[in-house]
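Beneath this line is the structure, given in structure tokens, with notes to follow.
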Amino acid sequence: MTLVGIVVVLVVVGLILWLINTYIPMAGAIKSLLNIVVFVVVLIWLLQVFGLIGPINGVHIPNLK
């Protein structure tokens, strides 16, 4: 995956998360939990993309091509 592709994925995920946080009413605790879960998933994906960690057993994160 190219650096441009990674940046595009990060921008799209950030935009979707911003839209959800802005336009979908939900409790503050749920909103915080959603933000943390998305952050952790994106962080693990980035670490796998850059080869800093290997695949996690039992968890399949598809490669974006």
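Go over the candidates F50, F39 one by one and state the one that is aromatic (F, W, Y) and surrounded by fewer than 12 Cβ atoms within 10 Å (Cβ to Cβ). So that I can check it myself, show each step before the final result.
Details: F39 fails: surrounded by fewer than 12 Cβ atoms within 10 Å (Cβ to Cβ).
None of the others qualify; the one that does is F50.
Please enumerate the residues belonging to the stretch 9-31 that are surrounded by fewer than 11 Cβ atoms within 10 Å (Cβ to Cβ) and in a helix (DSSP H, G or I). Even if it seems obvious, please write down each step before you answer.
So the first thing to find is which residues in the stretch 9-31 are surrounded by fewer than 11 Cβ atoms within 10 Å (Cβ to Cβ), and the list is 11-12, 15, 18-19, 22-25, 27-30.
V11, V12, L15, W18, L19, T22, Y23, G28, A29, I30, listed by residue number.
When you scan the stretch 53-62, do you find a residue that is surrounded by 11 or more Cβ atoms within 10 Å (Cβ to Cβ), aliphatic (A, V, I, L, M) and at pLDDT 90 or above, even just one?
The answer is no; no qualifying residue exists.
Considering the stretch 16-59 alone, what residues qualify as being of a type in the set (A, V, I, L, M) and within 11 Å of the chain's Cα centre (by Cα)?
Narrowing the stretch 16-59 to residues of a type in the set (A, V, I, L, M): 16-17, 19-20, 24, 26-27, 29-30, 33-34, 36-38, 40-44, 46-47, 49, 52-53, 56, 59.
Answer for the stretch 16-59, where residues must be of a type in the set (A, V, I, L, M) and within 11 Å of the chain's Cα centre (by Cα): I16, L17, L34, I36, V37, V38, V40, V41, V42, L43, I44, L46.
The values are calculated or read from the model by the stated rules, or taken from the named source; none is laboratory data. These figures come from a predicted structure and were not determined experimentally. Glycine gets a Cβ as well: all are built from the backbone with ideal geometry, and neighbour counts include every protein chain shown.
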